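Q: Mind having a look at this structure? Questions to follow.
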Amino acid sequence: MMAVTAGAGYCHAVEVFKPMADAALRTVKINGFSDNFKIINTQVTVRPSGDMQTRANVLVTELFDTELIGEGALPSYE
């Protein structure tokens, strides 16, 4: 939302954790940014086919959080 406020025409957000993706969708809608956002519920390592028609100009990322293993950033040892 800060990017759109600063002048970005459109933003894509990728979130693997379904409850957080749902919360992001609600937050974007409540704040009036629905026309400028697409929330994509998938892993960051999976390229969502058809979700992004063009390459991004800027990438803003949360590098690491508590979902490290779920997003595949760290190997899982079983």
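Q: Go through (1) open to solvent by 50 Å² or more (accessible area, probe 1.4 Å); (2) within 9 Å of the chain's Cα centre (by Cα); (3) of a type in the set (Gly, Ala, Ser) one by one and return the number of the condition GLY9 breaks.
A: Unmet condition: (2).
Q: Next question, about the same structure. Is there any pair linking a residue in segment 25-44 that is over 17 Å from VAL60 (Cα atoms) to one that is assigned to a helix (DSSP H, G or I) and hydrophobic (A, V, I, L, M, F, W, C), with Cβ under 9 Å and at least six apart or on different chains, and which?
A: Once the first residue is over 17 Å from VAL60 (Cα atoms) and sits in segment 25-44, its partners that are assigned to a helix (DSSP H, G or I) and hydrophobic (A, V, I, L, M, F, W, C) give PHE33/VAL4; SER34/LEU25; SER34/VAL28.
Q: Among the residues of segment 12-24, how many are within 19 Å of VAL58 (Cα to Cα) and open to solvent by 40 Å² or more (accessible area, probe 1.4 Å)?
A: Of the residues in segment 12-24, 3 are within 19 Å of VAL58 (Cα to Cα) and open to solvent by 40 Å² or more (accessible area, probe 1.4 Å).
The values are calculated or read from the model by the stated rules, or taken from the named source; none is laboratory data. None of the values given here were measured: they were computed from a predicted structure. Please note: Cβ atoms are built from the backbone with ideal geometry, for glycine as well, and neighbour counts cover all protein chains shown. For accessibility, only protein heavy atoms count, side chains too; no ligands or nucleic acids. Shrake-Rupley method; radii C 1.70, N 1.55, O 1.52, S 1.80 Å.
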